[in-house]
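The values are calculated or read from the model by the stated rules, or taken from the named source; none is laboratory data. It should be emphasised that the depicted structure is a prediction, and the values quoted were computed from it without experimental measurement. All Cβ positions, glycine included, derive from the backbone under ideal geometry; neighbour counts span all protein chains shown.
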Amino acid sequence: MKYFLGLDGGGTKTDAALIDASGRVIAQARGGASNPLRSSFARAFTSLDDAAARALAAADLEASSIQGVVAGLAGAAQPRVAARVAAFLATRFREAEIEAIADLEIALETVSESGPAVVLIAGTGSAAFGRDVEGRTARAGGWGPWFGDEGSAFAIARAALQTIARAHDAGALPSTFAQAIASSLGLKSWPEVFDFVSRKPLERMPSVFPAVAEAADAGNETAREILDGAANDLAALASTVIARLELGEQEFLLGRVGGVFGRFAYFDERSAARLSQLSPLLRIVAPRFSPAVAAAHRALRRASNPA
């Protein structure tokens, strides 16, 4: 039996999925962050290795059983990054055909393997990626926390903490919103939150997002204003891709992928409502499967249809 491994890595986690030659998912696992541009190649390789090893162990398989590996990683749109990741994976899976590509390409395959489609990705970072009927692609976003990542968990958390900081400067008493965020991190006060997040902002900032979204679901107006802004920012990314590919005059699919989606009612509703305004011809669809499973299916297709 032949098996195929898919890896989906970003700034917070790495997901692994194993499928057999029929496309059946036989194991899934998770490891740490694997965006080499946000941490390091060493950390990314450790996370990829860990996620893959856990999936193999769950399926009781050896690396030699794997015939194809596709890794979709944040940062792998850069050829030098993709080449280095592929070279590392080749040392672990010597019998497999290896491909390392941008996570955006894998995310789009969760929406559709072909035809006009757009995927909006929002997790630790954010980006939009699309394809027209002729196969041309376009991207918007994905520039990281210092230059972009609008509407991401990082950006939402930053907006929330900025709001609390301004209120603190004005001498306001800690709000229910501020207390909820501190509590979600296991802390008691704003100075503790500031110190905790500031020491490792890239790693810890996104962990504030769930508390903001939970507050919005509970009716907190401050949290809702922040999430409304994030929904607008994400819609702007998708709108840029739609305009570049001239998709507005034809029917196309739009999917949402990433850790900020599918977990909190208010944000999902506001995001969908804002995206629906972009074109009367777009159809918002749920991902067919996870990005890691999409990567495994791509590995299977490559083996079945070699270039």
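Out of everything in region 37-54 that is of a type in the set (A, V, I, L, M) and farther than 23 Å from Leu18 by Cα, what residue ends up being modelled with the lowest pLDDT?
Leu37
Being of a type outside the set (D, E, K, R), at pLDDT below 90 and over 30 Å from Leu253 (Cα atoms), is that true of even one residue in region 130-142?
Start the filter on region 130-142 by keeping residues that are of a type outside the set (D, E, K, R), which leaves 130, 133, 135, 137-138, 140-142.
Still in the list and also at pLDDT below 90: 142.
Cutting the leftovers down to over 30 Å from Leu253 (Cα atoms) gives us none.
No.
Assuming Arg224 fulfils every condition listed in (1) in contact (Cβ under 8 Å) with a residue 60 or more places away in the chain; (2) over 17 Å from Ser112 (Cβ atoms) apart from one, which condition is it?
Result: Arg224 fails condition (1) only.
Test of understanding: among Ala71, Ala59, Ala52, Ala44, which residue is outside the structural domain of Trp143 (by TED's automatic domain parsing) and more than 19 Å from the chain's Cα centre (by Cα)?
Ala59
Tell me the strands (runs of 3 or more DSSP E) entirely within region 69-158 that contain at least 1 residues that are over 26 Å from Arg302 (Cβ atoms) and touching a residue at least 40 places away in the same chain (Cβ under 8 Å).
Passing ranges, in order: 117-122, 126-131, 137-141.
Hey, could you check region 269-283 for residues that are surrounded by 14 or more Cβ atoms within 10 Å (Cβ to Cβ) and touching a residue at least 12 places away in the same chain (Cβ under 8 Å) and say which is farthest from the chain's Cα centre (by Cα)?
Per the criteria, the residue is Ser279.
Do you know which residues across region 284-305 are without any contact (Cβ under 8 Å) to a residue 24 or more places away in the chain and either β-branched (Val, Ile, Thr) or not in a helix (DSSP H, G or I) (or both)?
Passing the criteria: only Asn305.
Tell me, yes or no, whether region 40-55 has at least one residue that is aromatic (Phe, Trp, Tyr) and touching a helix residue (DSSP H, G or I) at 6+ places or on another chain (Cβ under 6 Å).
Applying the first criterion (aromatic (Phe, Trp, Tyr)) to region 40-55 yields 41, 45.
Applying the additional criterion that residues be touching a helix residue (DSSP H, G or I) at 6+ places or on another chain (Cβ under 6 Å) yields 45.
The answer is yes; a qualifying residue exists.
What number of residues within region 50-67 are exposed (fewer than 15 other Cβ atoms within 10 Å of the Cβ) and among the acidic types (Asp, Glu)?
Number satisfying all stated conditions: 2.
Residue-wise test of (1) of a type in the set (Val, Ile, Thr); (2) crowded, with 23+ Cβ neighbours inside 10 Å; (3) outside any strand (DSSP E or B); (4) in contact (Cβ under 8 Å) with a residue 40 or more places away in the chain.
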{"site": "Asp8", "(1), (2), (3), (4)": "no, yes, no, yes"}
{"site": "Thr12", "(1), (2), (3), (4)": "yes, no, yes, yes"}
{"site": "Asp15", "(1), (2), (3), (4)": "no, no, no, yes"}
{"site": "Ala27", "(1), (2), (3), (4)": "no, no, no, no"}
{"site": "Arg30", "(1), (2), (3), (4)": "no, no, no, no"}
{"site": "Ala33", "(1), (2), (3), (4)": "no, no, yes, yes"}
{"site": "Arg38", "(1), (2), (3), (4)": "no, no, yes, yes"}
{"site": "Phe45", "(1), (2), (3), (4)": "no, no, yes, yes"}
{"site": "Leu48", "(1), (2), (3), (4)": "no, yes, yes, yes"}
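Considering Ala76, Ala100, which residue is touching a helix residue (DSSP H, G or I) at 6+ places or on another chain (Cβ under 8 Å), modelled with pLDDT under 90 and either among the polar types (S, T, N, Q) or surrounded by 23 or more Cβ atoms within 10 Å (Cβ to Cβ) (or both)?
Within the list Ala76, Ala100, the selection yields Ala76.
What residue, among those in region 202-232 that are out of contact with any Pro (no Cβ under 8 Å at 6 or more places or on another chain) and under 25 Å from Leu37 (Cα atoms), is modelled with the lowest pLDDT? Full working, then the answer.
First, pick out the residues of region 202-232 that are out of contact with any Pro (no Cβ under 8 Å at 6 or more places or on another chain): 203-204, 206-232.
Next cut, under 25 Å from Leu37 (Cα atoms) only: 203-204, 206-210, 230.
Values: Glu203: 84, Arg204: 88, Pro206: 90, Ser207: 91, Val208: 93, Phe209: 95, Pro210: 95, Ala230: 97.
Ranking the qualifying residues of region 202-232, first place goes to Glu203.
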